[in-house]
Amino acid sequence: MGKNNLVTGKIGENLSASYLIDHGFEIINRNFYSRWGEIDLIAKKDNKVYFFEVKTRIGTDKGQPYEAVNYYKLIGLKRAINYYLLKNKLNDCKLSLEIISVELNSDKSLKKLKIYQGPEMR
């Protein structure tokens with residue numbers, strides 16, 4: 001991944017974290033790494049743990065940001081989430097995997113942020 005993509009991704013993650021905090025979420029972890037992949041944001045709200053995959057793009061000439069989350073990415077995310085749950089002894093909590101799609105203007109200001117509910121977790 002190029003430096004510009006890393007910067008764009010970090011902007012998207014920061015905007016997403018701010019949005020979640022403004023909407024009553026508590027961010028409990030950022031950029032959790034495992035051998036199966038990275039979980040961008042982990043948050044809690046109303047006794048539920050949310051795992052967020054953030055995808056950010058400048059413009060949509062290469063498609064919508066959320067379209068970058070494919071089947072293989074979801075498999076890796078689910079494995080990373082299971083590892084996180086095991087490591088942190090979170091056995092009996094409600095879970096949700098969500099995709100945050102962030103579209104930026106050419107000056108990297110926010111154009112659109114939308115949250116999509118991912119596959120059912122448990």
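A short reminder: the numbers here are calculations on the coordinates, not readings from a lab. Note that the coordinates shown come from a computational prediction; the quantities given were computed from them, not determined experimentally. Heads up, the Cβs are rebuilt from the backbone with ideal geometry, glycines too, and the neighbour counts pull from every protein chain shown.
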Worksheet entry | Folded to 0 to 90 degrees: helix 3-22 orientation relative to the chain principal axis, Cα | 60 degrees
Worksheet entry | Square roots of five times the Cα gyration tensor eigenvalues for the chain, Å | 24, 16, 13
Worksheet item: Which Cα, out of 27, 91, 116, lies furthest along the positive dipole direction of the chain (beta carbon charges, K/R +1, D/E -1)?
Response: 91
Fill in: Size of charge dipole - segment 3-117 - debye, nearest 20, with Cβ of Lys, Arg +1 and Asp, Glu -1, no other charges
280 debye
Worksheet item: If one takes the longest principal axis of the Cα atoms in the chain, at what angle in degrees, from 0 to 90 and to the nearest 10, does the Cα axis of helix 71-87 lie?
Response: 40 degrees
Practice prompt. Choose one answer from 73, 89, 48: the residue with the largest mean-square fluctuation in a GNM of the chain with alpha-carbon springs under 10 Å.
Written response: 89
